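The values are calculated or read from the model by the stated rules, or taken from the named source; none is laboratory data. As the structure is a computational prediction, the values presented were derived from the model and not from experiment. As a convention, Cβ positions derive from the backbone with ideal geometry for all residues, glycine included, and neighbour counts pool all protein chains shown.
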Amino acid sequence: MAGDLPEYYFRIRENGAAVFKVDTENRQRRIEMEEIAIANVRNGTIKPHGDRKLTAAETAVIADWIARRSAILAERDVDDIHRAVDHLNLVTQWAQSKASAAQLEEVTDALLLAMHDLRSVLVRKKADRLMKEHPEAE
């Protein structure tokens with residue numbers, strides 16, 4: 001089992017991870033984890049734990065993890081939006097075929113405001129993108 005363990009363990013946190021060096025080469029053959037750094041995905045910073053000096057190899061491993069984690073989080077964001085589109089379609093079907101008048105009364109204003117807000121943002125962002133693509137259209 002010890003041979004299968006990674007050299008570093010990343011304990012996910014809100015903005016990144018606490019980074020641990022995994023050690024299985026000790027007398028008791030126990031798994032020991034020494035915290036070596038905090039990695040911040042939002043701003044890309046790597047802060048050594050305590051007075052520890054990170055090696056270039058450790059910094060490279062952590063920077064690689066930050067890049068891979070950022071990509072995963074970006075993919076999840078887009079996947080969440082695709083799920084929201086699916087959910088909006090399900091809400092539309094519910095409103096058309098299953099919802100009672102009382103249920104519609106309860107949710108209509110909140111849905112209309114949220115959809116109006118979303119539409120306003122999407123239209124503004126689309127116009128901004130089009131203006132950047134075709135600046136002569138101004």
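Only residues that are at pLDDT 85 or above and closer than 20 Å to Thr55 by Cα were counted across the stretch 12-33, and they come to 10. In this entry, Asp64 is excluded by the filter for residues that are closer than 30 Å to Met115 by Cα, free of Cβ contacts under 8 Å to residues at least 24 places away in the same chain and either among the aliphatic types (A, V, I, L, M) or part of a helix (DSSP H, G or I) (or both). A single member of Arg11, Arg69, Arg52 is among the basic types (Lys, Arg), more than 27 Å from the chain's Cα centre (by Cα) and more than 30 Å from Met115 (Cα to Cα), and it is Arg52.
Remark: Ile36 matches the filter, which requires a residue to be in a strand (DSSP E or B) and modelled with pLDDT of 95 or more. Per the conditions (1) modelled with pLDDT of 95 or more; (2) exposed (fewer than 10 other Cβ atoms within 10 Å of the Cβ); (3) of a type in the set (Asp, Glu); (4) within 15 Å of Tyr8 (Cα to Cα), the sole criterion not satisfied by Asp64 is (2).
Kindly provide the set of residues from the stretch 1-33 that are in a loop (DSSP other than H, G, I, E, B) and in contact (Cβ under 8 Å) with a residue 24 or more places away in the chain, ordered by number.
First, pick out the residues of the stretch 1-33 that are in a loop (DSSP other than H, G, I, E, B): 1, 5-7, 14-15, 24-31.
Scanning the stretch 1-33 gives Leu5, Glu7, Asn15, Arg29, Ile31.
Checking each residue in the stretch 67-89 for being polar (S, T, N, Q) and either at pLDDT below 95 or closer than 22 Å to Tyr9 by Cα (or both) picks out only Ser70.
Any residue in the stretch 56-73 that is aromatic (Phe, Trp, Tyr) and more than 30 Å from Ala37 (Cβ to Cβ)?
Checked the stretch 56-73: no residue is aromatic (Phe, Trp, Tyr) and more than 30 Å from Ala37 (Cβ to Cβ).
When Trp94 is tested against (1) surrounded by 11 or more Cβ atoms within 10 Å (Cβ to Cβ); (2) within 30 Å of Ile38 (Cβ to Cβ), only condition (2) is not met.
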